[in-house]
1. Please work out which residue is farthest from V111 (Cα to Cα), limiting yourself to segment 139-150 and to residues that are open to solvent by 50 Å² or more (accessible area, probe 1.4 Å) and touching a Leu at 6+ places or on another chain (Cβ under 9 Å).
2. So which residues in segment 108-129 are part of a strand (DSSP E or B) and either open to solvent by 30 Å² or more (accessible area, probe 1.4 Å) or under 15 Å from T84 (Cβ atoms) (or both), if there are any at all?
3. Has segment 78-86 got at least one residue that is touching a residue at least 24 places away in the same chain (Cβ under 8 Å), open to solvent by 50 Å² or more (accessible area, probe 1.4 Å), within 30 Å of A41 (Cα to Cα) and not hydroxyl-bearing (S, T, Y)?
4. With respect to the numbered conditions (1) at pLDDT below 80; (2) touching a strand residue (DSSP E or B) at 6+ places or on another chain (Cβ under 9 Å); (3) open to solvent by 70 Å² or more (accessible area, probe 1.4 Å); (4) not polar (S, T, N, Q), which one is the sole condition not fulfilled by E70?
5. Hey, can you tell me all the residues within segment 130-166 that are small (G, A, S), in contact (Cβ under 8 Å) with a residue 40 or more places away in the chain and farther than 15 Å from F89 by Cα?
6. Does segment 110-129 include one or more residues that are more than 30 Å from A41 (Cα to Cα), touching a residue at least 12 places away in the same chain (Cβ under 8 Å) and aliphatic (A, V, I, L, M)?
7. Is it true that L134 is assigned to a loop (DSSP other than H, G, I, E, B), surrounded by fewer than 18 Cβ atoms within 10 Å (Cβ to Cβ) and hydrophobic (A, V, I, L, M, F, W, C)?
8. Failed condition for V93, given (1) without any contact (Cβ under 8 Å) to a residue 60 or more places away in the chain; (2) part of a loop (DSSP other than H, G, I, E, B), with all others met?
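The values are calculated or read from the model by the stated rules, or taken from the named source; none is laboratory data. Bear in mind that the values here come from a model prediction, so they are computed numbers and not experimental data. Cβ atoms come from the backbone with ideal geometry, glycine included; neighbour counts cover every protein chain shown. What goes into the accessible areas is simple: the full protein's heavy atoms, side chains included, and nothing from ligands, DNA or RNA. Shrake-Rupley method; radii C 1.70, N 1.55, O 1.52, S 1.80 Å.
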Amino acid sequence: MSRQYPQQHPQPQQPRKRGVGKTAGLGCAGVLVLFVVIAVATGGGGGGDPTDNSKKDKAVATAEKDATKEPATEGKSPAVGSRTQAEEFRACVAESGTPTEKAAVKHVTKVTGADKRNDILDAPEVFTDFSGGLAGPHQGEGKLIASAFTSCYESDNGLVTVFDKDGEVLANANY
């Protein structure tokens, strides 16, 4: 007579429990983050004086001073009183920039996005007549222009980018 041994089968593993607490906690954290993002985007908690000019940048403040002055001659065309963003930037640097910044800013051909700021994601662009891009010979001048921009304009979350004449990035800076 042969002995028969009962066959041993491995016991099936129990299914893993889902972390209900973990899922609920992450869900609540997501809702909280959503509320914070909405509050920041709508400017909640500002409560500041709408006429407070302390955060205005120098170029805009200078433009407002010029706009309040009475014109010396009434025969001037309206285009003479209005300046482009590049002209306002150059004027600000001419007023408060270093000699090297003043020399570099002479090569600025166009500025876009400096007039519209929302302090959430401001991304003005400065175009120059330089060439060579980020690794080219004018990288230093690009950094000077970006530095001069940060001296003239203010934003809570801004990034200025300086481009060469071919549209390649020369430099960028937070401002």
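1. Among those that are open to solvent by 50 Å² or more (accessible area, probe 1.4 Å) and touching a Leu at 6+ places or on another chain (Cβ under 9 Å), it is Q139.
2. Within segment 108-129, the subset part of a strand (DSSP E or B) is 108-112, 122, 125-128.
Across segment 108-129, the qualifying residues are V108, T109, K110, V111, T112, E125, V126, F127, T128.
3. Restricting attention to segment 78-86, the residues satisfying the condition of being touching a residue at least 24 places away in the same chain (Cβ under 8 Å) are 84-86.
Okay, now just the ones that are also open to solvent by 50 Å² or more (accessible area, probe 1.4 Å), so 84.
Then drop every residue that is not within 30 Å of A41 (Cα to Cα), which leaves 84.
Next cut, not hydroxyl-bearing (S, T, Y) only: none.
No.
4. Exception for E70: condition (2).
5. Step one: filter segment 130-166 for residues small (G, A, S), giving 131-133, 135-136, 140, 142, 146-148, 151, 155, 158.
Pick out the ones that are also in contact (Cβ under 8 Å) with a residue 40 or more places away in the chain and you get 147-148, 151, 158.
Within segment 130-166, G158 is the sole residue that qualifies.
6. Taking segment 110-129 first, the residues more than 30 Å from A41 (Cα to Cα) are 128-129.
After this cut, where a residue has to be touching a residue at least 12 places away in the same chain (Cβ under 8 Å) as well, the list is 128-129.
The next check asks that each one be aliphatic (A, V, I, L, M); those that pass are none.
No, there is no match, as no residue in segment 110-129 is more than 30 Å from A41 (Cα to Cα), touching a residue at least 12 places away in the same chain (Cβ under 8 Å) and aliphatic (A, V, I, L, M).
7. Details: assigned to a loop (DSSP other than H, G, I, E, B): yes; surrounded by fewer than 18 Cβ atoms within 10 Å (Cβ to Cβ): yes; hydrophobic (A, V, I, L, M, F, W, C): yes.
Judged against the criteria, L134 is a match.
8. Every listed condition holds for V93 apart from (2).
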